[in-house]
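Just below is one structure, and these are the notes that go with it.
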Amino acid sequence: MLLGVNIDHVATLRNARGGWEPDPVIAADICEKNGASSITTHLREDRRHIKDEDVYALTKTINTRLNLEMAMAEDIQKIALEIKPYSICLVPEKRQEVTTEGGLDVAGQFEQVTDFIKPLLEAGIIVSLFIDPTEQQVKAAAKTGAQFIEMHTGSYSEAFGTENENCEFLKLKDSAKLAQSLGLKVNAGHGLNYVNVQRMHEIPGLVELNIGHSIISRAVFTGLAEAVSHMNELIK
Ligand code: PXP
């Protein structure tokens, strides 16, 4: 199973000061040098973290694969067609949400999704659809022409350690099996952390996990000791 790292939170931190650090391009390089198989960034409609110039820079610097998360927005589609990332992951997007809430309703917007991804597929970009782990969404996704689904693991992650954990986990396992039987490749992500990630190994054939928040959060603490010591050395 491969690990894709979502670096959006690095850009969130940078934007809090409005300067250049921490630079998501450097973050992507560190992730790649330490085993990330791909780098994910979400170019949101409101550009709250990753900005257009970050995506253009990442296109030039990434040595693995760039996975561009995007909503069904024409201006972002235009950028994707211009930079041609290795893959895009289509997600739903609401302006007020803190992070992506829920999967894309492919079943309810079948024509729109199919039409939207067509030029991207024709341009040779791999298309993944971020969906909730339900039979209805998996079956709809399989008919769109997309090669991948990314199963939304948010409900499983939230239920981890509670009486609902198994129920949410089985939804993921069953959906992955169904998707694979319909010819789709299966990724997963959202809310995964250093504890709940363990059970992903129980799902046969998962290709890649996309993880952001818990890795960047962990990095703050694993890097803090060195950062303080180094500054102290300089001051002394
Ligand atoms: N996959 C998708 C489609 C997402 O939208 C996100 C969040 O941006 C992630 C994975 C990563 O989620 P998290 O930051 O909770 O690890």
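No lab work stands behind these numbers, since they all come straight from the coordinates. Predicted model, so just to flag it, every value in this text is computed and none were measured. Virtual Cβ from ideal backbone geometry, glycine too; neighbours counted across all protein chains shown.
Can you find a residue that is closer than 29 Å to S217 by Cα, surrounded by 15 or more Cβ atoms within 10 Å (Cβ to Cβ) and within 12 Å of the ligand (Cβ to nearest atom) anywhere in the range 174-184?
So the first thing to find is which residues in the range 174-184 are closer than 29 Å to S217 by Cα, and the list is 176.
Add one more test, that the residue is surrounded by 15 or more Cβ atoms within 10 Å (Cβ to Cβ), and what stays is 176.
Now restrict to residues that are within 12 Å of the ligand (Cβ to nearest atom): none.
No, because not a single residue in the range 174-184 is closer than 29 Å to S217 by Cα, surrounded by 15 or more Cβ atoms within 10 Å (Cβ to Cβ) and within 12 Å of the ligand (Cβ to nearest atom).
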D23: under 18 Å from the mean Cα position of the chain (by Cα), surrounded by fewer than 19 Cβ atoms within 10 Å (Cβ to Cβ) and of a type in the set (D, E, K, R), yes or no? no
Qualifying residues in the range 61-83 (those that are in contact with a helix residue (DSSP H, G or I) (Cβ under 9 Å, 6 or more places away or on another chain) and within 14 Å of E150 (Cβ to Cβ)) - the one nearest to the ligand (Cβ to nearest atom): E69
Considering residues that are of a type in the set (A, V, I, L, M), away from the ligand (no atom under 13 Å from the Cβ) and within 18 Å of E53 (Cβ to Cβ), the number found within the range 1-43 is 6
Regarding the range 84-104, can at least one residue be identified that is more than 16 Å from the ligand (Cβ to nearest atom) and acidic (D, E)? no
Select, from F160, F130, the only residue that is closer than 30 Å to A28 by Cα and under 19 Å from the mean Cα position of the chain (by Cα). F130
Being out of contact with any Ser or Thr (no Cβ under 7 Å at 6 or more places or on another chain), part of a loop (DSSP other than H, G, I, E, B) and within 16 Å of L129 (Cα to Cα), is that true of even one residue in the range 24-36? no
Within the range 190-202, does at least one residue satisfy the condition of being closer than 19 Å to S87 by Cβ, of a type outside the set (D, E, K, R), within 16 Å of the ligand (Cβ to nearest atom) and touching a His at 6+ places or on another chain (Cβ under 8 Å)? yes
Members of the range 56-75 that are farther than 19 Å from G189 by Cβ and either crowded, with 21+ Cβ neighbours inside 10 Å or of a type in the set (K, R) (or both): K60
If a residue must be part of a loop (DSSP other than H, G, I, E, B), more than 20 Å from V106 (Cα to Cα) and in contact (Cβ under 8 Å) with a residue 24 or more places away in the chain, how many such residues does the range 44-82 contain? 9
